[in-house]
Structures are given as C-alpha cells and as structure tokens.
Amino acid sequence: MSVGLISPKQLFDRIQSGESVDLVDVRTPAEFREVHVTIARNAPLESLDCGAVLAGHPTNVPLYVICRSGSRGRQAAEKLAAAGCTNVVNVEGGTMAWDQAGFPVDRGRKSMSLERQVRIAAGFLSLTGGVLAMTVHPYWAGLSAFVGAGLMFAGITDTCGMAMVLARMPWNQVGKSANTPPVKNCSVGSETSCCN
C-alpha cells in the first residue's frame, strides 16, 4: 500500500473549505503539548495502536498523520497502511512546516524536541566512551563505536532506536492532571483532549 503526501498549504485549504479532516500527531505527548496543529489528536509513534487510531474512522475519508518534520509521520503512515488504512496521507514537513507557514497551532509548555535529546544522548555516550577508553581501559572505545554504528543505522534506515527509548522516558510524557484545561485537538469544534 502506498502512503500519500500532502503539503501544509493543501491540508489547510481542505480544512478551510469545510472538509472533514482527521489529523493524527505522532510525536511524544510533551512535544504535542508544546505546539500542535489546532485540530490534531495525539497518538505517539512509539506506542501507536493502529486499531485505536482507525476505530470509527471511515474508510473513504483520508487519515492524515503529522510529526515534527515528516520522518515519524511517514513511519506512522506506513504502520497504519499495513494495518489496513487504505487512505493515509503524511503531512510534508510536519508541524514545523505548518507553524512556519503561519497556520493555526495551539501552544503550551515548552519542551525539548526528541531529535535534540538524541543528539545530546549520543554525544554524551560517545564522549564518555572516549574518555573512559583513554583513562580506564581501551575496551570502553566500544561504547563510542556502538553509538556511531547506531547513528549510521538510524541514518540509513531513518529509524532511531535511541529516539524510541527516549520517547518513552517520563519527561516526554504528559501526566493526567485535574487542572489541565481541555484542548481543542480531536476535531474541529471538539473540546476533549486526546493527549491527556
């Protein structure tokens, strides 16, 4: 099954024309809380339940997916297509492109992007491996080599194991809170939140 691609402008035009749009944001709950397309609902890629996302979704209506810049959206779209969604479309450039185009977003508490967390963790592990190899035992160079191999694998396959692990960390989750106001994000005009 093929996955479609749509530009933020094309999607915005469809929303403006009154077309029913089901948009799923596959970033972490913390990233979603920071900024998301106003009508999006959150279903993080690392715990994507295709059955739950597709439940009640009409087969003749496109299911749009979005992430930060497009990569996780493509992965989610492929998973949804494999689960039987015949009309899944990835938003080109993701939330960054949507926001840069000046289209409506909801903003919340700032958080660090998953991509930045991966760069920090990979750099820290590589540096630690190098320092330990010079000061403790040469075998510690294996840590730096392992991280380098992981980064190469991530670049080749466009899938990052470290990002999947970091996405599950507590700081990337949004806890349920009685004080959290409802967010308009499931569909146009809805007051319920899918991310809490």
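The values are calculated or read from the model by the stated rules, or taken from the named source; none is laboratory data. A quick note: this is a predicted structure, and the numbers were derived from the prediction, not measured. Here the Cβ is made from the backbone with ideal geometry for all residues, glycine too, and neighbour counts use every protein chain on show.
Given the residues V24, V37, V3, which is the only one that is at pLDDT below 90 and within 18 Å of the chain's Cα centre (by Cα)?
V3
Name, by its number, the condition in (1) crowded, with 20+ Cβ neighbours inside 10 Å; (2) not assigned by TED's automatic domain parsing to the domain that holds S20 that does not hold for A121.
(1)
Is it the case that T128 is of a type in the set (S, T, Y), surrounded by 15 or more Cβ atoms within 10 Å (Cβ to Cβ) and either assigned by TED's automatic domain parsing to the domain that holds V147 or touching a residue at least 12 places away in the same chain (Cβ under 8 Å) (or both)?
So T128 fails the test.
Regarding G70, is this residue touching a Gly at 6+ places or on another chain (Cβ under 7 Å) and free of Cβ contacts under 8 Å to residues at least 40 places away in the same chain?
In short, yes.
If you check S69 against the conditions, is it modelled with pLDDT of 85 or more and not acidic (D, E)?
yes
For segment 1-35, give me each residue that is closer than 12 Å to S111 by Cβ, crowded, with 23+ Cβ neighbours inside 10 Å and in contact with a helix residue (DSSP H, G or I) (Cβ under 8 Å, 6 or more places away or on another chain).
Those that are closer than 12 Å to S111 by Cβ, crowded, with 23+ Cβ neighbours inside 10 Å and in contact with a helix residue (DSSP H, G or I) (Cβ under 8 Å, 6 or more places away or on another chain): R27, T28, A30, E31.
One residue is enough: does segment 20-27 have a residue meeting the conditions of a type outside the set (A, V, I, L, M, F, W, C) and under 21 Å from D158 (Cα atoms)?
Yes, the conditions are met somewhere in segment 20-27.
Counting only residues that are modelled with pLDDT of 90 or more and among the polar types (S, T, N, Q), how many does segment 113-158 have?
4
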